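The values are calculated or read from the model by the stated rules, or taken from the named source; none is laboratory data. None of these values were measured; they are calculated from a predicted model. Positions of Cβ are generated from backbone atoms using ideal geometry, with glycine treated the same way; all protein chains shown enter the neighbour counts. Keep in mind that these areas ignore ligands, DNA and RNA; they rest on the heavy atoms of the full protein, side chains included. Shrake-Rupley method; radii C 1.70, N 1.55, O 1.52, S 1.80 Å.
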Amino acid sequence: MTSSENTPRVGLIGYGTAGRDVAEAILGGQAGSSRLVAVLVRDMAKYADVAPEGCHFTDSEEAFFACTPDVVVETAGHAAVARYAETSLAHGCDFMVVSVGAFCDQALFDRVMSSAERNSQRVLVPSAAIAGLDRIAAAAQGPLERVTLTTRKPVKAWRGTFAEEVVSLDAITQPTVIFEGNARESSRVFPESVNVSAALSLAGVGFEATQVRVLVDPTIDKNVHEVSAKGLFGEVRIEVRNTPSPSNPKTGYIVAMSVARALKNLSSPLVIG
């Protein structure tokens, strides 16, 4: 970061459900002293009545980076990671990625990491919808023998996704497995729904070695992620139940909360985890 006196300047890419929640968290003081200076969207015409306080709202990449953010927060999907990660790093910004499933593309991941090193910047991955990434990352110093993820989401979270090609969402009555495989495969099949598998992979044993099961579960109303790991450190089992956002059941409130906390850590005298 280039700004001083612990006031990170934040540029936000995307203003969908997660983006709006992140902006509100920053403006509401939940991200410490972080200041929202710019929001980049694809089409300004869709946001004619939107004016987040104290920041520049634009669909111009040039105008966005002219606001000199210290950290760019991506909330706009995998395509936005591919388009803006290296550019952000080259502009001297740290890059915080929510759509971390984009990194199942190994070539993209390698380019982004090279750019971060070359420009002396960082790629930041908040925990978002999952818990225990700090424990898994620590355990990976070990060796780790096994890391598995089971994701269960209610029917409404799967509409408009690959799940509709596997099961009849209107007829399903019991929890049904719609995918079993490794994390690289799951991130490709469910790019909007299984970013957690990618984050877990980066923290632990990698995309190929992280095993994933995905279920449509009509018996639940929350997004549930269960992580299990075993290694030299011992064993851990973690279950999280995230409340889906009313406007987009594919994401949850915790995503914006996690981003806000990660931003707060950039200027906080106390960092936990």
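A few points about this structure:
- Whole-angstrom gap from region 75-124 to region 141-166, using each part's C-alpha centre: 23
- For region 174-217, accessible area per residue (1.4 Å probe, heavy atoms of protein chains only), Å²: 34
- Within the accessible area of region 13-79 (1.4 Å probe), percent carbon and sulfur: 46
- Calculated log₁₀ intensity ratio I(q)/I(0) where the Debye formula runs over C-alpha points of region 132-262, q = 0.10, 0.12, 0.15, 0.16 Å⁻¹: -0.32, -0.45, -0.70, -0.79
- Sequence-distant aspartates and glutamates (8 or more away, or on other chains) whose Cα lies within less than 15 Å of residue 46: 59
- Principal semi-axes in Å for region 56-165 [√(5λ), Cα gyration tensor, largest first]: 28, 21, 13
- Student exercise, region 1-129 dipole from Lys, Arg, Asp, Glu Cβ charges, in Debye to nearest 20: 100
- Under 5 Å, built H, 5+ apart or other chain: amide partners of residue 124: 95, 96, 97
- P(r) weight above 14 Å for region 101-177, C-alpha pairs, percent: 76
- The candidates 47, 84, arranged from most to least accessible area with a 1.4 Å probe in the full protein assembly, appear as 47, 84.
- Computed from the C-alpha gyration tensor, the three semi-axes of the ellipsoid equivalent to the chain are 30, 23, 17 Å, from longest to shortest.
- Cα lying deepest toward the dipole's positive end in region 145-211, options 150, 163, 207, charges on Cβ: 150
- Of the residues 132, 91, 29, the one whose Cα sits farthest toward the positive end of the charge dipole of region 1-158, with +1 on the Cβ of Lys and Arg and -1 on the Cβ of Asp and Glu, is 132.
- Between residue 60 and residue 166, full extension at 0.36 nm per residue minus the direct alpha carbon distance yields a gain of 34.2 nm.
- Percent accessible area from carbon and sulfur atoms, region 95-151, protein chains only, probe 1.4 Å: 48
- Computed about the Cα centre, the dipole magnitude for region 89-207 is approximately 200 debye when only Lys and Arg (+1) and Asp and Glu (-1) carry charge, each at its Cβ.
- For region 1-57, accessible area per residue (1.4 Å probe, heavy atoms of protein chains only), Å²: 52
- Taking a point 7 Å from the Cα of residue 68 along the Cα-to-Cβ direction, the residues of region 21-45 with backbone N closer than 20 Å to it are 33-40.
- By accessible area with a 1.4 Å probe, ligands and nucleic acids excluded, highest first: order of 257, 96, 113: 257, 113, 96
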